[in-house]
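Below is one structure, written out as structure tokens; comments come after it.
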Amino acid sequence: MTRVLLVLAVFLFFALCVYGMWHGWKRRQRKQADLPAFPSTPEKLGEAQLATTGVYIGTTNAGNWQDRIQVGDIGHRAEATLSLVPEGVAIERVGATPIFIPAESIRDARTDRGLAGKVMFSEEGLLVVQWENEGHLFDTGFRGDDKNVYEEWVQALVGGKA
């Protein structure tokens, strides 16, 4: 009988943890409901100047690397292709809606070690693009398959002002 009670207690604790995570996710979505709508991808994009594959890590409020944006499917990690086109940065995600960052919205680009709950061992594990949308700053993170291209991306986004 003691084992049955112990198993029930562990199961109840696990269910309570899952409920707490679900409730926190929903609360964050409600809190972020007044954020400006993300820009839609233009129908026609120019030829990619740079492109790399990897994983879209997420988008956070700038300056707060753990405050992941949860509105819609923006908070979902996904395999992706990052492309620098004349109009801005296009992120084509597998199984999720594409994300587009207009060139005039880009404020900064850098390499970083963590964003949206993802922490890397090296300082240059993630490529982070800081951009502005209707007065609100966001950081969007991408972990590339080839991290050797990060410096080229940072130069193109900051030096060339996309």
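The values are calculated or read from the model by the stated rules, or taken from the named source; none is laboratory data. What you are looking at is a predicted structure, and each value in this text was computed from that prediction instead of being measured. Positions of Cβ are backbone-derived with ideal geometry, glycine not excepted, and every protein chain shown enters the neighbour counts. Just the protein is used for accessible areas: all its heavy atoms, side chains included, with ligands, DNA and RNA removed. Shrake-Rupley method; radii C 1.70, N 1.55, O 1.52, S 1.80 Å.
List of remarks:
- Residue list for segment 115-128, filter: part of a strand (DSSP E or B) and either open to solvent by less than 10 Å² (accessible area, probe 1.4 Å) or of a type in the set (Lys, Arg) (or both): Leu115, Lys118, Leu126, Leu127, Val128
- Restricted to segment 152-162, and to residues there that are modelled with pLDDT of 90 or more and touching a strand residue (DSSP E or B) at 6+ places or on another chain (Cβ under 8 Å), the residue that is surrounded by the fewest Cβ atoms within 10 Å (Cβ to Cβ) is Glu152.
- Which listed residue, of Ala109, Ala90, is open to solvent by less than 20 Å² (accessible area, probe 1.4 Å) and either closer than 16 Å to Pro39 by Cβ or of a type in the set (Asp, Glu) (or both): Ala90
- Selection status of Glu92, of a type in the set (D, E, K, R), in a strand (DSSP E or B) and closer than 22 Å to Met120 by Cα: no
- Pairs linking a residue in segment 68-89 that is more than 16 Å from Phe142 (Cα to Cα) to a residue that is open to solvent by 10 Å² or more (accessible area, probe 1.4 Å) and hydroxyl-bearing (Ser, Thr, Tyr), with Cβ atoms under 8 Å and 6 or more positions apart or on different chains, are Gly72/Thr97.
- Boolean, Gly75 is assigned to a loop (DSSP other than H, G, I, E, B) and at positive phi: no
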